[in-house]
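Here the structure is laid out as structure tokens; the discussion comes afterwards.
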Amino acid sequence: MKLLLENFRKYLNEEDKGGNELYHATLSGEDDRNIISFSKDGIDSGRALGHGQGAGFYLFRDIGKARKHAQDLVAGGQIDLKEVPVVGKPIVVVVDEPVTPENFDIDYEIFAYGFAQFIKQNLDYFSKNDQALGLGRRAGKGVSHFQGRPLIRPNKKLLGLDIARTIQLDPPEGTASLGRSAADGETLSKIAGKLAEFDPVKFKEFEVKFLSDATAIKYNGKKKIWPLRIEDLEGNILWSR
């Protein structure tokens, strides 16, 4: 654990030298109302509910992915997925807040692979503590294998879910870096929350090990932060701090 923390601090020091921008995709709002709100009121991590993942301000590490997501919000009709309906033109909100395990968590839908891999790497631990972590109808039944592949069987009652599907920990061929469904993301997020409550040290181990690799993360810190800048999809600056 000490070595993991030292490696993470080294990563943070490298981030501080540059390249630590994060990107949030959204729409400008009617009469640019959202741009005005971000510039005057800052970012409130408790506003977005995260579709079952918990409150947080969701960010991409790659601006290209953020721009694509902003386009998809309109073109794919995904705007209905927002907790508060928004309109206007696609924009990218740029954040430069240092990433730490205390203030950030992974996006479990887009980077669910990370937590799935952590479970796989600690299969005996999750099997031993399956009931405390919301897995299995009975103790010892939350972790198993199918055709040699490890899988978990979430307990929807323990996790407070309407549906809890079996989740394969090994992703399909060629999709190791891709996200999973929103349902898988919500389920894995609930299990991660159980882990954070049951064993904070083990949860910290996960965050330190995977947070720096996550392609999408969320700011869930308590303090209000302000964007570095806001720009359109062509990179034109609409507002700057």
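The values are calculated or read from the model by the stated rules, or taken from the named source; none is laboratory data. Quantities reported herein were computed from a predicted structural model and do not represent experimental measurements. With ideal geometry, Cβ positions are generated from the backbone for all residues, glycine too; neighbour counts draw on all protein chains shown.
Answer yes or no: is there a residue in the stretch 42-57 that is of a type in the set (Lys, Arg), assigned by TED's automatic domain parsing to the domain that holds residue 226 and at pLDDT 90 or above. No, the stretch 42-57 has no match at all.
Out of the residues in the stretch 157-192 meeting the condition of being of a type in the set (D, E, K, R) and under 25 Å from residue 216 (Cβ atoms), tell me which one is modelled with the lowest pLDDT. Checked the stretch 157-192; the qualifying residue modelled with the lowest pLDDT is 173.
For the stretch 133-156, the count of residues that are in contact (Cβ under 8 Å) with a residue 60 or more places away in the chain and part of a loop (DSSP other than H, G, I, E, B) is at least one.
In summary, residue 127 fulfils each of the numbered conditions (1) in the same structural domain as residue 222 (by TED's automatic domain parsing); (2) small (Gly, Ala, Ser); (3) out of contact with any helix residue (DSSP H, G or I) (no Cβ under 9 Å at 6 or more places or on another chain) with the single exception of condition (1).
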